[in-house]
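The values are calculated or read from the model by the stated rules, or taken from the named source; none is laboratory data. No experiment lies behind these values; they were computed from the predicted model shown. Using ideal geometry, Cβ is built from the backbone for each residue, glycine included, and neighbour counts are taken over all protein chains shown.
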Amino acid sequence: LNGEKSTSYLINRVNQNFCDDKKFIEWYSRLETFLVFFIDAASRIAKDDPNWVIYLLYQQYKNDSG
């Protein structure tokens, strides 16, 4: 990058087997509706299919209090 500072990332946690977590499935069902409306070519998945691995990527910001 010719001396330019690139952005660094930190992976805090990676969870798998979300399909076994009922609360996650409920949350993901609500998120999935949002995804279908706002992301081109998004489609729903079969939440009871154990072959799916769902990764949630997000950027966490820190404020002055931590």
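Among residues belonging to region 32-52 that are surrounded by 10 or more Cβ atoms within 10 Å (Cβ to Cβ) and either outside any loop (DSSP other than H, G, I, E, B) or not charged (D, E, K, R) (or both), point out the one that is modelled with the lowest pLDDT. Only one residue fits best here, namely 52.
Of all residues in region 39-59, those being aromatic (Phe, Trp, Tyr) and farther than 24 Å from residue 7 by Cβ number 1.
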